[in-house]
Amino acid sequence: MSAMQDHVMQLEHISVEFRLPKRTLHAVDDVSLNVRRGEILGIVGESGSGKTTLSSTMLNFVSAPGHITSGRVLYEGRDILALDEEELRQYRWRDVATVFQAAQNSLNPVLKVKEQILDTAAAHDEFPESRVLSKARDLLRFVRLEPDQVLEAYPHQLSGGMKQRTIIALSLLLDPKILLLDEPTTALDVITQAYVMNILRRVHDELQITMVFLTHDVCIMGKIADRIAVMYAGQIVELGSVEDIFYHPLHPYTRGLINAAPSLTDDVSLRKAIPGTPPDLTNLPEGCRFAPRCGLCTDGRCEGDRDGELIEVEEGHYTICCQYQDVGA
Amino acid sequence: MEQPLLALDHVRMDFQSRGGLLKKRATVRAVDDVTLRLDEGEILAVVGESGCGKTTLGRMVVGLLHPTAGTIRFRGADVRTLRGDAYAAYRRGVQMVHQDSYAALNPARTIFQSLSVPLLHHKLVGSRAAARERLEELLTLVGLVPPDQFLDKYPHQLSGGQRQRLLLARALSVQPNLIVADEPVSMVDVSLRISLLDLMSEMNRRFQIAFIYITHDLATARYIASHGRIAVMYPGKVVETGNLNTVLSNPRHPYLQALLAAVPIPDPRVARNMKELPLRSLDMPDPTNPPPGCRFHPRCLYAQERCSQEEPPLAALDGEMVACHYAEQVPTWEWQSVSAG
């Protein structure tokens, strides 16, 4: 049972396909991933890497024409994919709450923040109003907002950063165990982003809530994540602690991603782009999906072999690359 | 001094907000008294947060907006007075690359149909066949090979990075002297950003095209303009400008120091030791009603009484220009001061 206590959520061999008129798009391909209780897990990947699709399986919320073709999603040992509508409705938000991408737009423009909070609570049978509102006030204060001002405001009266913090407070309303954050700071200014990240760190530290944090920007993960999963073309290509990922990556794509990000402190001449573009998900290359862009690709080893299993190289540090010994070189 | 390619002299841009039954029309001063110059072949990074007026500035430079006051000179001539061929030469000489490459291309036209128009309009080629040939060269130049594969496609068939390269090719096709690039990489995947920035640097070196690189991202600005200059904007104003490396290694304006402290640092050990942002408040000022005196004073850690009364001019300080009354007293910025480790 020790493994069960360790992991609040387990994804087992998840595949998600989108059936298009003439072809099938493999958005997520046989991905297994465990979320440890109380951790901040970063899922890093570029657009089309499958991170949002993967996270939507955690809510059994894959949008048509996509559907989960295989695998199980276990939350506290319970298979989420087997829940009926009513059970799912209670599971979402109360167990796993989400802050969506461009969350600033997920507030209803014609309702005051207060009304939206009460709606959410009512939908989940949380009463009475006075108790809900006093909790909402605490949460708004927690994300450093002025409750009296925000509760009576319509969304357009709030700035982008305030809306984002309101959404974060709202997501915590039902004491979820897991907070799923999909690019929560992407549309924000640098200063607001830094501020929201500090608030998320604080939310995590004080509430001991598990966070799954999706982003395309590996740079913002250094500050906040405990572990990082790197996705490429529908697979997890590397998984490890934040130190593993930044200080000794074991997949050439991870190394490339870190080297491709311009920073303020490094020598600019060290920055290198990853050549080429990600593969077409309806027509994936045989063997390693990164091989066409990879400098370490060797004939005979990287093509043809499609098992795509993660190899545990060090404790808790996995890579899909068979040439991982040469990545650091 | 040599005649600059572009000179902005006390440029101001006012927008009227829509009034209502009970609401008075308000004036938003998007750009307020900006003076800048750009030499031939130079790269200038204009950096600021959303709402600081950087895009408005770019749109004025390319002639899409006419300033409310002040003059913009292109090779010495006031662009408002240009007519006929001289005006056409200015519009051809200054091109723009937009942030949203999908919105910047007509979705109902093939790449060839879109990109051949400026060539034919400016009479740079004699025929459609010649346009096709010229475009094949240009696409090769921006790394879209083989070019004949792209010319007959529609914008939605290309990736974001490819479309952004097309926009660069379109800008290059009319042989401009200056390209205004407004957040050209912020919608492009991280792994492809550097190659686009490299491409722009190459255009700058090879063809002596000057660039105004507009961004909110100091890290990419540092990457592309490492041999150029930077202008940092805070609602409507340039608050610090100078050689990019000098400015970023020794930022003097408290706003720029805060902006630098907010840039994420990938290295986990350094990132986890960052202190709080050196700011008193998070909120940008209301653009219709900017605070009196220095616009940054309500958020500034070092503000004194004078800052709320008197607007600081952009003044020379150790080879840079800084708009702060107490620039000399503001503690010098060191990376060590934010990273305890």
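Overview of results
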read-out	value
Output for region A:190-213, where each listed residue is in a strand (DSSP E or B) and within 14 Å of chain B (Cβ to nearest Cβ)	A:Phe213
Residue within region A:236-243 that is surrounded by fewer than 21 Cβ atoms within 10 Å (Cβ to Cβ), within 11 Å of chain B (Cβ to nearest Cβ) and under 30 Å from B:Glu276 (Cβ atoms) present	yes
Matching residues, region B:165-187, being closer than 19 Å to A:Asp189 by Cβ and either polar (S, T, N, Q) or within 14 Å of chain A (Cβ to nearest Cβ) (or both)	B:Glu183, B:Pro184, B:Val185, B:Ser186, B:Met187
Scope region A:133-162; condition of a type in the set (Phe, Trp, Tyr) and either touching a Ser or Thr at 6+ places or on another chain (Cβ under 6 Å) or modelled with pLDDT of 90 or more (or both); matching residues	A:Tyr154
All positions within region B:188-202 that are facing chain A (nearest Cβ under 8 Å) and assigned to a helix (DSSP H, G or I)	B:Val190, B:Ser191, B:Leu192, B:Arg193, B:Ile194, B:Ser195, B:Leu197, B:Asp198
Number of the exception - A:Arg165 against (1) more than 19 Å from the chain's Cα centre (by Cα); (2) assigned to a helix (DSSP H, G or I); (3) within 14 Å of chain B (Cβ to nearest Cβ)	(1)
Residue within region A:252-265 that is of a type in the set (Gly, Ala, Ser), assigned to a loop (DSSP other than H, G, I, E, B) and buried (at least 17 other Cβ atoms within 10 Å of the Cβ) present	yes
Some residue of region A:1-8 being out of contact with any Lys or Arg (no Cβ under 7 Å at 6 or more places or on another chain), at pLDDT below 95 and surrounded by 15 or more Cβ atoms within 10 Å (Cβ to Cβ)	no
Residue within region A:302-313 that is more than 14 Å from A:His251 (Cα to Cα) and either in contact with a strand residue (DSSP E or B) (Cβ under 7 Å, 6 or more places away or on another chain) or among the hydrophobic types (A, V, I, L, M, F, W, C) (or both) present	no
Answer residue from region B:169-182, given it is assigned to a loop (DSSP other than H, G, I, E, B) and out of contact with any His (no Cβ under 7 Å at 6 or more places or on another chain) and is farthest from B:Val125 (Cα to Cα) among those	B:Asn177
Strands (runs of 3 or more DSSP E) enclosed by region B:1-93 - at least 2 residues per element that are within 14 Å of chain A (Cβ to nearest Cβ) and within 30 Å of A:Leu188 (Cα to Cα)	B:43-47
Number of the exception - B:Asp100 against (1) in contact (Cβ under 8 Å) with a residue 12 or more places away in the chain; (2) buried (at least 16 other Cβ atoms within 10 Å of the Cβ); (3) not small (Gly, Ala, Ser)	(2)
Positions within region A:290-327 being buried (at least 17 other Cβ atoms within 10 Å of the Cβ) and within 14 Å of another protein chain (Cβ to nearest Cβ), in sequence order	A:Phe290, A:Arg293, A:Cys294
Matching residues in region A:215-231 - criterion: being assigned to a strand (DSSP E or B) and at pLDDT 95 or above	A:Arg227, A:Ile228, A:Ala229, A:Val230, A:Met231
Scope region B:266-318; condition among the basic types (Lys, Arg), under 20 Å from A:Val190 (Cα atoms) and more than 10 Å from chain A (Cβ to nearest Cβ); matching residues	B:Lys275, B:Arg280, B:Arg295
Hits in region A:255-281 - residues which are more than 9 Å from chain B (Cβ to nearest Cβ), touching a Phe, Trp or Tyr at 6+ places or on another chain (Cβ under 9 Å) and in contact (Cβ under 8 Å) with a residue 60 or more places away in the chain	A:Leu281
Members of region B:242-265 found to be more than 9 Å from chain A (Cβ to nearest Cβ) and among the β-branched types (Val, Ile, Thr), listed by number	B:Thr246, B:Val247
Residue match in region B:217-231 (condition: within 11 Å of another protein chain (Cβ to nearest Cβ), surrounded by fewer than 21 Cβ atoms within 10 Å (Cβ to Cβ), closer than 26 Å to A:Val196 by Cα and in contact with an Asp or Glu (Cβ under 9 Å, 6 or more places away or on another chain))	yes
Residue match in region A:218-234 (condition: away from chain B (no Cβ under 14 Å) and surrounded by 22 or more Cβ atoms within 10 Å (Cβ to Cβ))	yes
Residue check, A:Glu183 more than 8 Å from chain B (Cβ to nearest Cβ), in contact with a Leu (Cβ under 7 Å, 6 or more places away or on another chain), charged (D, E, K, R) and surrounded by 22 or more Cβ atoms within 10 Å (Cβ to Cβ)	no
Lone qualifier among A:Asp125, A:Asp138 - being outside any helix (DSSP H, G or I) and either farther than 19 Å from A:Gln193 by Cα or aliphatic (A, V, I, L, M) (or both)	A:Asp125
Hits in region A:95-132 (condition: modelled with pLDDT under 90 and out of contact with any helix residue (DSSP H, G or I) (no Cβ under 9 Å at 6 or more places or on another chain))	A:Ala102, A:Pro128
Search result, residues across region B:122-149 that are within 13 Å of chain A (Cβ to nearest Cβ) and touching a residue at least 24 places away in the same chain (Cβ under 8 Å)	B:Gly143, B:Leu144
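The values are calculated or read from the model by the stated rules, or taken from the named source; none is laboratory data. Here the structure is a predicted model, which is why all the values come from computation and not from measurement. Positions of Cβ are generated from backbone atoms using ideal geometry, with glycine treated the same way; all protein chains shown enter the neighbour counts.
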